[in-house]
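Following: one structure in structure tokens, then a few remarks.
The values are calculated or read from the model by the stated rules, or taken from the named source; none is laboratory data. Please read all numbers here as calculations on a predicted model, not as lab measurements. When we count neighbours, we look across all protein chains shown, and the Cβ atoms used for this are built from the backbone with ideal geometry, even at glycine. Accessible surface areas use protein heavy atoms only, side chains included; no ligands, DNA or RNA. Shrake-Rupley method; radii C 1.70, N 1.55, O 1.52, S 1.80 Å.
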Amino acid sequence: MQSPFKGYEINETRHANIHKMAPAKLEYIIYFTPRSGSSRLTEVLSQAGGMSLPGECFNPALIGAGMARAMEAKGLDDYIAALRRLRGRDGVFGAQVTYMQILQTFGSERRFLARFGQAVPFWLIREDIVAQAVSITRMRQTKVAHTASADAAALDRAETSFRYHPAGIENCVKRMLSFETRTEAMMKRAGMEPLRLSYERLTALGPEGMVALFRDRLGLEGETPTDLGGAHRKLGTQKNDSFATRFRDENPRFMQKVDRARADRLSKLADLG
């Protein structure tokens, strides 16, 4: 894969000015699986202020699409150094990353952990892995990822074109289970004790509750804003729910194996009630 840190000229003056800035002293990483509410969480934490802009800054597609150039990055470590300065807020830097992004951008767990192994860890999954898989198949079929990036007409077209695809759902369930298992193994090897979160529990908590939770975990003070809105809304519809129910009904033995494999993981989720 071609390096995302090529194909553009560095503005040396801006590069020097970036690296004169003080880097964040407190760092946190949100490990996540796709379609687990990470975009909504990023939006809420960014709006609240003081907790960085914790998006997917290690997604190779985003790095290559302009983030490397925006950071005047000469390479990966130069990019990380710029992130810690430009995307930090009040001395705090946060980021979200999937297991595959770690391998794609850093090449190995070891190289990632050498740089972020001491960051405060959060671990975000989705309790209903079938609903998660349905959401992924919907996004792949319709090319609509978020309500924030689509108008009403695009959402209507997506709803009409979305079709039940059991093989695709099964493959997505297996892939998400693999991501969960490999992320858990990495955390165990690194001795991490993350705050274990889920899409469902964060959604029930609400935006103000999300902010309070993260501030408490990070030891940050400050009042939580009460006007946290944002453009992200639930993309799934009744069709998503019916497809998920149908898949479970049609694949009981497969789902029994999946549910057994995840039982211990789900039992360890933080009680946010």
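Ile10 versus Ala153, label points 7 Å from Cα toward the beta carbon: distance in nm?
The modelled label-to-label distance comes out at 4.5 nm.
Once label points are set 7 Å from the Cα along Cα→Cβ at both Glu127 and Gln104, what is their separation, rounded to one decimal in nm?
Result for the modelled spin labels: 3.0 nm.
Quick check: residue separation of Arg253 and Thr181 times 0.36 nm, minus the Cα distance between them. What number comes out in nm?
23.9 nm
Between Lys20 and Leu266, how many nm apart are label points set 7 Å from Cα along the C-beta direction?
Each label point is offset 7 Å from its Cα along the Cβ direction, giving 5.5 nm.
With every protein chain kept in place and ligands, DNA and RNA left out, what is the accessible area per residue of region 67-134? Probe 1.4 Å, answer in Å². Spell out each step's value before the answer.
On the way: 2340 Å² over 68 residues.
Counting only protein heavy atoms, the per-residue value for region 67-134 is 34 Å².
In deg cm²/dmol and to the nearest 500, what is the mean residue ellipticity at 222 nm of the chain if only DSSP H runs of at least 4 residues count, each as -39500 (n - 2.57), divided by the residue total?
Here the helix-only value at 222 nm equals -17000 deg cm²/dmol.
Mind ranking 251-264, 30-43 by how tightly packed they are, going by the mean number of other C-beta atoms within 10 angstrom, highest first?
30-43, 251-264
When the scattering of region 1-155 is computed by the Debye formula from its Cα atoms alone, each counted once and equally, what is log10 I(q)/I(0) at q = 0.11, 0.12, 0.21 Å⁻¹?
-0.48, -0.57, -1.46
On the protein heavy atoms, probe 1.4 angstrom, tell me the percent of accessible surface of the chain carried by carbon and sulfur.
Carbon-and-sulfur percentage of accessible area, whole number: 49.
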